[in-house]
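The values are calculated or read from the model by the stated rules, or taken from the named source; none is laboratory data. A quick note: this is a predicted structure, and the numbers were derived from the prediction, not measured. For neighbour counting, all protein chains shown are included, and Cβ atoms are generated from backbone atoms with ideal geometry for every residue, glycine included. The area values use the complete protein model at the heavy-atom level, side chains included, leaving out ligands, DNA and RNA. Shrake-Rupley method; radii C 1.70, N 1.55, O 1.52, S 1.80 Å.
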Amino acid sequence: MPRNRESYSHRPAKPHPAMPLQFVSPERGLYASNIITRVTTPAWDGTRRDGDFQRAVDSALRRARRAGQSHPIIMGAIPFDTRQPSCLYVPGDYQWRPPEAPPERDAQRQPASLREASHLPREAVFKQAVRQAIANFQHSDIRKVVLSRILELRLSEAVNIDLLLARLRHQNPEGYQFRVPMEDGATLVGVSPELLLRKDGDTLRSNPLAGTARRQAHGARDRAAARDLMASPKDRYEHRLVVDQIRRVLAPHCRHLEIPENPSLIATSALWHLSTTVQGQVGDPATTALQLACGLHPTPAVCGDPTGLARKLIDLVEPFERGLFTGMVGWCDLEGNGEWAVTIRCGSVRHDRVRLFAGAGIVEASQPEAEWAETQAKLATMLNAFGLDAAQLGACTRSDRPAGEVMS
């Protein structure tokens, strides 16, 4: 691991038991509090029912049932690098309720202003990493790698997370919204467009996304951007790598698996994505949502292809640890049901400090300038929720920080 590689976490601090958690899908919301058990066991062996991770999860759920919960759940996040500690909790209190549109007055309230911004790595360094990755394709079996970056913000006052969540819900009601207390005292907040896996009984669903274009303000230009994305050989190739990997992982566990031959388009407020909806029936009812999600994670949409080689390249060129970014976030229960989204369009928040994350899939046809622009577009989801734009970032961006230094 390079010596200048930085952790994105803040100073250690344990989350308070009363801190709220939530995971809101387009169909329903899970709202929880009163943490009674934490599970930090790494998920590197998460596909094995008899592995350390699954045993730790089962043990935590069964303890909650013995303590009087009729239907205990575990929820939270698993990091990109499954050798690192998990961030999972068994809440003492939770409820399901339909997702509600936030009050208009909350969505329109003025957020805190920006005092300072910093890119890690800087634009020139990120583009050089893209060129390095493309050059690596010529001398290895890597076909795709996802490179990411951090945008660090310091605001004029502590972040109102309830307001931030209201604004995220307002701008992307079809996303998977989450709020998870982190081990370091920060809060993971975001709204992911990408469903990694949902299992209900023997029915499963996955919705991989790969291939991205920025939305345009003018209707005709926006439709043209969508058509160009659908016709792009580069983006369709990138998408196919993800879908093929999901097929390889899920097919052995399913008696039926339905995968469309061609992708479709879905839109968020900021982006167009190539999308494929995968549906199937699990063959063995004892197979859990968490096992299947661990088998899929990390997909080529957030890591690359083949996975092992892509992760080595990421370790080589990314100057920080991703932590929970590009991991998975969601919930599961003792019956094996659950729902997990890919941890993207997110950030960590602690008082007035924010770290936002974005990545781009690099293939041989990639262009460094276009990949930087793609990460800029992906950051827009969270920046819009903070009421920030490119002009404000430019005015507050520090240019005197070394490329590997993280804002303290």
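Give me the log10 of I(q) over I(0) for region 171-285 at q = 0.12 Å⁻¹, as the Debye formula computes it from C-alpha points; what are the numbers? Debye curve over Cα of region 171-285, log10 I(q)/I(0) at q = 0.12 Å⁻¹: -0.54. Residue ranking by accessible heavy-atom surface, 1.4 Å probe, largest first, among TRP44, TRP96, TRP331 comes out as TRP44, TRP96, TRP331. Normalising the average separation of contacting C-alpha pairs (under 8 angstrom, six or more residues apart) by the number of residues puts the relative contact order of region 341-383 at 39 percent. Under a GNM of the chain (C-alpha, springs under 10 Å), which listed residue has the highest mean-square fluctuation: ALA373, ALA301, ALA224? Taking springs between Cα atoms under 10 Å, the residue moving most is ALA224. How large is the dipole of the chain about the Cα centre if only Lys and Arg carry +1 and Asp and Glu carry -1, each at its Cβ, rounded to the nearest 20 debye? I would put it at about 320 debye.
Based on C-alpha pairs under 8 angstrom that are at least 6 apart in sequence, region 308-365 has a relative contact order of 22 percent. Here region 151-229 is treated with +1 on each Lys and Arg Cβ and -1 on each Asp and Glu Cβ, and its dipole about the Cα centre works out to around 460 debye. When the chain is described by a simple charge dipole with +1 on each Lys and Arg Cβ and -1 on each Asp and Glu Cβ, the residue from ALA32, HIS256, SER206 located farthest towards its positive end is ALA32.
In the complete set of protein chains, residue-level accessible area for ARG63 is approximately 100 Å², probe 1.4 angstrom.
Counting charges near ASP284 (Lys, Arg +1; Asp, Glu -1) among other residues having Cβ under 13 Å from its Cβ returns a value of +2.
For region 53-200, the Stokes-Einstein estimate of translational diffusion at 10 °C and a viscosity of 1.306 mPa s comes to 82 µm²/s, using the Kirkwood hydrodynamic radius over alpha-carbon pairs.
Computed from backbone phi, the HN-Hα couplings of region 118-123 come to 8, 9, 9, x, 5, 4 Hz, rounded to whole numbers (Karplus: 6.51 cos²θ - 1.76 cosθ + 1.60, θ = phi - 60°; Gly and Pro given as x). Where the alpha-carbon atoms of the chain are placed on the principal axes, they occupy 55, 47, 47 Å, in descending order. Charge tally around ALA301: other residues with Cβ under 15 Å, Lys/Arg +1 each, Asp/Glu -1 each, net +4.
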